[in-house]
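J.: Got a structure for you, written out below as structure tokens; questions coming shortly.
The values are calculated or read from the model by the stated rules, or taken from the named source; none is laboratory data. Quick caveat, the model's predicted, so the values are computed rather than measured. Here the Cβ positions follow ideal geometry from the backbone for every residue, glycine too, while neighbour counts run over all protein chains shown. Areas reflect the complete protein model, heavy atoms only, side chains present, ligands, DNA and RNA absent. Shrake-Rupley method; radii C 1.70, N 1.55, O 1.52, S 1.80 Å.
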Amino acid sequence: MALIPALHATELLPRVVSTGKSSIKKQKFQTDIQEKLQTDIEGKLAITEYSAESQPNLASIISHYLQTLKHYNLRNLGYPTNQDFNYDPLHPLLDFHLNNAGDPFLGSSFSLNSTSFEVWVLNWFASIWEIEKSEYWGYVTSGGTEGNLHGILVGREQLPDGILYTSQDSHYSIFKIAIMYRMKCVKVRTLISGEIDCADLKAQVLAHKEKPAIINLNIGTTMKGGIDDLDLVIQTLEDCGFTPDRYYIHCDGALSGIMLPFLKQAPRITFKKPIGSVTISGHKFLGCPFPCGILLTRLEYMNAVSKDVEIIASRDATITGSRSGHAPIFLWYALKRRGLVGLQNEVQKCIMNAQYLQNRLLHAGIGAMLNKFSNVVVFERPLDYNFSRRWNLACNGNIAHVVVMQHITVQMLDSFVHEFLQERSIWSEEGRFQPICVANDIGAANCACILHHSIS
């Protein structure tokens, strides 16, 4: 692990050397600081003044808010946002409103746009996902949900009476989209890994064989990082008698979609297979400071979902009208600054650190699971809500997770495990702690409850 560089943010992490209740008091003090910072800033945000606020007062509010952000970021473990970036050279661009309304390949009559940057970003992803420039269409979205909205819309327009199939571990946006588009949505069971259960998919598809299938595939599920098996799904559809003209596959690759191409022996997400669209989030692995994403689909599908708009002298082919002109430049900068080698190094570092965390948890007697090719470590949910909030953990049912991103160091992970164990000892003293059985969530082999730990 010595090869993994430490990041400067964790230098501010307190070195916890005390044990027992004195350490818990220290952690409570840190939580109180967080709450005080938040309360202080909230009280200054009301927009009630008749006259304009003075610049010194505004600067003071922003400065205070920055302190709050830096404090939270010291323990930012549970969500897939890369905080290790520097876009200082792009700050002058914030003096301009940049708007990429319309089709990025056609431009628009609004001259302050960045569509030239956008097209080169799209071309880069087209090469990663193996589709010729002449055969794809895409755009920079406002985030993964918009990419899902567009991909599933394209699928519905190709197969208007199609049924949407998606796993129960899919991102909540998929079920919202089904409601918005008034599509019949079939929820498919998942395996322990979070991967779609193709046996159940086959049963569901056969039960509705008279209707075309629109499949949402997860290239890394939200909670467990489970990767749906694209090849097995295609084989399942073929076994059910579906030819490519009777199904459409959309790939939601929010986080892992950009990581898999840099991992040896990882599943390949490629347009050389019969998929219709792919989307990723730009603010996750690449670390843009605001939500954005990428959507790619096949050019042949676009006539059904686009039309000319004279007022912008372009084609209306996107979900939103006005689109950020800054996002494509930030994405372009992030890709150019790293290069393929830099991206590969970052992917490997995240995977290594995730493996390190899983091992630390298991050796500490905490049930934990890590899927292959994933940086999402799933473990038993902490009993203390304030502990979960302090470390910004994402929780669901009996489990929580850490998404090991670029800004997360070994020191941060050590501090987290150390504090988790201290909290557990206090819960045990107070009679609140009973080892949680998470065998149904992460498998018996990964569970550390009394029953399964003794078996393993």
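J.: Taking +1 at the Cβ of each Lys and Arg and -1 at the Cβ of each Asp and Glu, which of 162, 365, 306 sits farthest along the dipole of the chain towards its positive end, judged by Cα position relative to the Cα centre?
T.: Checked the options; the winner is 365.
J.: As a test, work out the antiparallel percent of DSSP beta bridges whose residues both lie in the stretch 92-337, rounded to the nearest 5.
T.: Antiparallel bridges make up about 50 percent of those DSSP assigns within the stretch 92-337.
J.: Of the listed peptides 372-380, 125-133, 288-296, what is their order by residue-averaged count of other C-beta atoms within 10 Å, with the highest listed first?
T.: Most protected by this proxy first, the peptides run 372-380, 288-296, 125-133.
J.: What is the magnitude of the charge dipole of the stretch 92-337 about its Cα centre, with +1 placed on the Cβ of each Lys and Arg, -1 on the Cβ of each Asp and Glu, and no other charges, expressed in debye to the nearest 20?
T.: So the magnitude is around 360 debye.
J.: Right, something else. Do any of 184/209; 273/372; 187/224 go past 19 Å between their Cα atoms, and which?
T.: From the list (184/209; 273/372; 187/224), the Cα-Cα distance tops 19 Å for 273/372.
J.: At 1.4 Å probe size, what's the solvent-accessible area of residue 268? Round to the nearest 10 Å².
T.: 120
J.: Carbon and sulfur together cover what percent of the accessible area of the chain at a 1.4 Å probe radius?
T.: 55
J.: Which whole-number percent gives the relative contact order of the stretch 275-413, counting Cα pairs below 8 Å spaced six or more residues apart?
T.: Over the stretch 275-413, the number comes to 16 percent.
J.: Also: Beta carbons within 10 angstrom, averaged per residue: use that to sort the peptides 228-241, 148-161, 172-185, 82-95, highest first.
T.: Ranking the peptides 228-241, 148-161, 172-185, 82-95 by packing returns 148-161, 228-241, 172-185, 82-95.
J.: Explain nothing, just compute: Karplus ³J(HN,Hα) = 6.51 cos²θ - 1.76 cosθ + 1.60, θ = phi - 60°, for every residue of the stretch 214-222 in order, whole Hz, x for Gly and Pro.
T.: 10, 9, 9, 9, 9, 9, x, 6, 4
J.: Per the chain: cysteines with no other Cys C-beta under 4.7 angstrom?
T.: Cysteines lacking a close Cβ partner in the chain: 185, 198, 240, 251, 288, 292, 350, 395, 447.
J.: I'd like to compare 64-70, 413-419, 364-370: which one has the highest average count of other Cβ atoms within 10 Å, and what's the full order after that?
T.: Top to bottom by mean Cβ count within 10 Å: 364-370, 413-419, 64-70.
J.: Right, something else. Before anything else, pin down the relative contact order of the chain: Cα pairs under 8 Å, at least 6 apart, normalised by residue count, whole percent.
T.: Reported relative contact order: 21 percent.
J.: Considering Cα pairs under 8 angstrom that are at least six residues apart, work out the relative contact order of the stretch 166-314 and quote it in whole percent.
T.: Computed value for the stretch 166-314: 17 percent relative contact order.
J.: Here's something else I'd like to know. Determine how large the accessible area of residue 301 is when every protein chain is in place; take a 1.4 Å probe and give Å² rounded to the nearest 10.
T.: Number for this one is 40 Å².
J.: Please figure out what share of the DSSP beta bridges in the chain is antiparallel and state it in percent, rounded to the nearest 5.
T.: Bridges in the chain that DSSP calls antiparallel: roughly 65 percent.
J.: Would you please give the residues with an amide H less than 5 Å from that of residue 288, counting only those at least 5 places away or on a separate chain, with H modeled from the backbone geometry?
T.: Long-range HN contacts for residue 288: 283.
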